Amino acid sequence: MTIAPEEDRLTAQIAFAVEIDKLKRVIRRNLLMDGSRRENDAEHSWYVGMLALVFAEHAPPGADIQRVIAMLLVHDLVEIDAGDTFIYDPVAVAAQAQAERTAAERIFALLPADQAASMRELWEEFEARETPEARFAKALDRFAPILANHNTEGGTWPLFRVTASQVKEKVRLIEEGSPSLGAYAMELVELSVARGHLSE
């Protein structure tokens with residue numbers, strides 16, 4: 001029996017749809033803002049996509065917000081295989097790039113070739129941070145956990161002994177993509193230090 005090309009395409013799309021459901025199982029370090037539990041990767045991807053809509057006016061002039069949203073929906077799919085990397089763990093960060101690249105090869109290849117290329121391109125663009133859209137997407141990706149930690153009395157910062165200087169390094173990435181959000185993030189860091197929720 002011959003499978004029609006459109007059926008074969010749909011089969012591949014469904015396999016991908018089933019696979020990406022696993023993103024809901026990848027648990028991140030930061031807490032939900034009510035402090036009840038840790039966030040998962042799928043929740044994070046949805047949240048930063050929403051932030052792109054909400055904070056669109058803080059994006060670089062002319063940035064394609066729909067592309068930013070697409071990038072944010074795709075950016076953490078590699079963590080299905082590679083897991084969530086704690087950005088304040090230098091050993092984990094050093095191994096991150098290769099693990100995520102290997103994951104990208106497997107996961108995006110589940111799709112039909114044209115869609116695989118398109119999504120892989122979004123992921124590569126996000127990682128490279130060479131376009132205004134990618135820099136804004138990365139800014140939102142870094143802004144979200146700072147906002148969450150600030151609103152949970154430091155959240156995971158004290159648990160992992162994260163310092164203000166370490167967080168400020170991440171704020172620089174926010175500033176690159178959105179000076180206004182970067183300035184606000186810096187204010188949150190200073191306020192968290194003043195309240196004793198983040199050490200110097």
Can you tell me the Rg and Dmax of the stretch 29-93, counting just the alpha carbons, in angstroms?
13.7, 38
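Would the stretch 136-200 count as rounded, prolate or oblate if I go by the C-alpha gyration tensor, calling it rounded below 1.5 in a/c and otherwise prolate when a/b exceeds b/c, oblate otherwise?
Details: a/c = 1.91, a/b = 1.76, b/c = 1.08.
In terms of gyration-tensor shape, prolate.
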Can you give me the % of accessible surface on the stretch 76-200 that is carbon or sulfur? Probe 1.4 Å, all protein chains present, nothing else counted.
52 percent
Quick check: pseudo-label points 7 Å beyond the Cα along Cα→Cβ at E169 and A117, how many nm apart are they?
3.8 nm
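Might you tell me the accessible area per residue for the chain, computed with a 1.4 Å probe and given in Å²?
On the way: 10370 Å² over 200 residues.
About 52 Å² of surface per residue is accessible.
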What is the helix-to-structure angle for 41-54, meaning the angle in degrees between its Cα long axis and the longest Cα principal axis of the chain, kept from 0 to 90 and rounded to the nearest 10?
70 degrees
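Quick check for me: using +1 on Lys/Arg Cβ and -1 on Asp/Glu Cβ, what's the dipole size of the chain about its Cα centre, in debye to the nearest 20? Provide the component values of the computation, followed by the final result.
Numbers: 21 positive and 33 negative charges, 127 e Å.
The dipole magnitude comes to about 620 debye.
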For an R0 of 35 angstrom, estimate the FRET efficiency from the Cβ-Cβ distance between A183 and A95 and round to the nearest 0.05.
0.60
I'd like the distance separating the alpha-carbon centroids of the stretch 109-150 and the stretch 154-169, in whole Å.
24 Å
For a quick check: with amide H placed at 1.01 Å from N, whose amide H comes under 5 Å from R28's, ignoring anything fewer than 5 positions away on the same chain?
E39, N40, D41
If you take the charge dipole of the chain about its Cα centre, with +1 on Lys and Arg Cβ and -1 on Asp and Glu Cβ, which of L72, S45, L181 is farthest toward its positive end?
L181
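Stretched out fully, how many nm does the piece from R38 to V54 gain, at 0.36 nm a residue minus the Cα gap? Mind dumping the intermediate values first?
On the way: separation 16, 0.36 × 16 = 5.76 nm, distance 2.32 nm.
Between R38 and V54, full extension yields an extra 3.4 nm.
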Check the straight Cα-Cα distances from K24 and name the aspartates and glutamates below 18 Å, setting aside those fewer than 8 residues away within the same chain.
E39, D41, E43, D76, E79, D81, D84, E100, D141
Per-selection metrics, the chain (Cα): Rg and Dmax in Å:
17.9, 70
Identify all lysines with a Cα-Cα distance to K22 below 29 Å; exclude those on the same chain that are fewer than 8 residues away in sequence.
K138, K170
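Between Q13 and L191, how high is the FRET efficiency from 1/(1 + (r/R0)^6) when r is the Cβ-Cβ distance and R₀ = 45 Å? Nearest 0.05. Walk me through the numbers before you get to the answer.
Details: r = 46 Å, r/R0 = 1.01.
The value I calculate is 0.50.
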Would you mind checking the tilt of helix 90-108 against the longest principal axis of the Cα atoms of the chain, expressed as 0 to 90 degrees and rounded to 10?
20 degrees
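The values are calculated or read from the model by the stated rules, or taken from the named source; none is laboratory data. Since the model is a prediction, treat every value here as computed from it, not as a measurement. Cβ: placed from backbone, ideal geometry, glycine included. Neighbour counts: every protein chain shown. In case anyone asks, the SASA skips ligands and DNA or RNA and just uses the protein heavy atoms, side chains included. Shrake-Rupley method; radii C 1.70, N 1.55, O 1.52, S 1.80 Å.
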